[in-house]
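Written below as structure tokens is the structure these notes are about.
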Amino acid sequence: MGGRDTDIVLLDENGIRSDGRKVNETRKVTIKAGVLKNANGSAYIEFGDNKILVGVYGPRDVHPKHMSDTDTGILRCRYHMAPFSVGERKNPAPSRREIEISKVIKEALEPAVMLKEFPRTAVDVYMEVLQADGGTRCAALTGASVALADAGIPMRDLVAGCAAGKAADAVILDVNNEEDQAGQADLPIGYMPNLKKITLLQLDGVLTPEEYKQCIEIGIEGCNQVYEIQKKALQDKFFASGEKQ
Amino acid sequence: MSGEKKRHVIPGEVITSGPYRAEQNTIQVGDNIVSTIIGLSDVHDGSVRVIPLTGGYMPKDDDLVIGKIASHSSLSWTADINSCYVGMLPASDVFGRDYSSSSDDMTAKLAKGDLIAARIVNADKTRDPLITISGRELGKIDSGELVKISPNKVPRLIGKRGSMIQMIESSTNSQVTIGQNGLLVVSSDDPNGLLKAVQAIELVEEQAHVANLTDQVKEMLESKSE
């Protein structure tokens, strides 16, 4: 990806990006846990202009039965974009891209969830993108981990997601849709902040080894910021009306 | 109660470090004891555990549970026990050892939809938990009001040495059978007492995190009795 020609100024002479952010600034993130009554756990996340609703069911019986594992529970994830989530109507049938994102999010959550405690069961995570503006996989991953914690699934750590990238020859944090389309690289990261382990790492574009190192560094810093918001969302739901620590 | 003060923890949060045993809902990461669930940490006698505030019911040996008969095969019933596993009630438990699938009619004893008070005999997760209805206070439940609460709030409803539930029972003149799986059956000859007992249970479920809950429930029970 060499970056496409466009009229948008991705980075002005003062180091301010097209949406008014600095290079190492994330968009505004808000998370609310426990928004759905019928799901075992749920979360609603707004990551800039991304709006994603996550519902978690389980542990529960596995259907079809042949998918069940006698040694451990299984995790199933569905990332789906609503037809109205993007400018042009999106066909609601799962696309190649959605199938891929479902898979990488599942693999990013698996190191965190402890499903050995629930053999022969399944935990289902449904992520519904209501509005998309670049970086939905990180936002969906972040929301999914809050919803899993809300459902009471044992986890080694929460997983926070945030992307880093390169646009207008500068390393930037939390790539938005414009920067993703017209920029040079996008590097989504999933990170377990307490265990200090990366669970999701993809790269679309070209980075030099130095830029790559910088991206990882600021990406992890972004994940740490997102983690604080995840933590607050859970504390608000469970500990708000009670004695604090 | 000794040890450190109870703290609110979320998954991944370090509770303490040092020579402690990691028990319920905790794992050891290096020297640190880390919570795996949202709850209250409890450091006690060199061991660390977390009391969960969310999550479903996991069958444990000797737990009293309330179940609903879901179906039966020729040898056993299955009961929904409000968990990710179903309870297996063998036919021989009801008919005795000389049970024969040809001569005994299983639906005559327990039909689909019947409620039972059962005890968990064997819960090892490699197969569905085995339950029994032979024993005192066990068996088919014929009357009463079924109330569902979060399984995590059952200990709060019972209270210290049964104080909370005893108070509700005595002041409303009702009997409450508590299943560890969060299902309860309330029965009473007095319809008003029944209603009030159910309200008191709902109050406990709503306000489970509040201190001095016993006083609040007592107040509620007394206020409406006039």
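The values are calculated or read from the model by the stated rules, or taken from the named source; none is laboratory data. Note that this is a predicted model, so its numbers are computed, not measured. Heads up, the Cβs are rebuilt from the backbone with ideal geometry, glycines too, and the neighbour counts pull from every protein chain shown. Only protein heavy atoms, including side chains, enter the accessible area calculation; ligands, DNA and RNA are left aside. Shrake-Rupley method; radii C 1.70, N 1.55, O 1.52, S 1.80 Å.
Quick notes on this one:
- Ordering A:Tyr191, A:Tyr57 by accessible surface, largest first, gives A:Tyr57, A:Tyr191; the 1.4 Å probe counts only protein heavy atoms, with every chain in place.
- Full extension of the chain segment joining B:Asp61 with B:Ser73 gains 1.9 nm, where the gain is 0.36 nm per residue of separation less the Cα-Cα distance.
- Filter on A:Lys197/A:Lys231; A:Lys103/B:Lys148; A:Lys116/A:Lys213; A:Lys32/B:Lys153 - keep pairs with C-alpha separation over 26 Å: A:Lys103/B:Lys148; A:Lys116/A:Lys213
- The orientation-averaged shadow of the Cα convex hull for the range B:7-52, equal to a quarter of the hull surface, comes to 2.5 nm².
- Summed over qualifying helices (DSSP H, 4 residues or more, each -39500 (n - 2.57)) and divided by its residue number, the protein assembly as shown shows a 222 nm mean residue ellipticity of -7500 deg cm²/dmol.
- Computed accessible area, A:Arg60, all protein chains, 1.4 angstrom probe, square angstrom: 80
- Calculated FRET value between B:Lys160 and A:Asp7, using beta carbons and R₀ = 60 Å, to 0.05: 0.30
- Proximal charge balance of A:Asp150 [Cβ under 11 Å; K/R count +1, D/E count -1]: +2
- Peptide-level mean, for A:143-154, of C-beta atoms on other protein chains within 10 Å: 4
- Cα gyration tensor category, rounded, prolate or oblate, for chain B with a/c compared to 1.5: oblate
- Spin-label model, A:Asp49/A:Ala170: points 7 Å from Cα along the beta carbon direction are separated by 2.0 nm.
- With all protein chains modelled, accessible area of A:Tyr227 [1.4 Å, Å²]: 10
- For A:Asp236, the solvent-accessible surface computed with a 1.4 Å probe is close to 80 Å², ligands and nucleic acids excluded.
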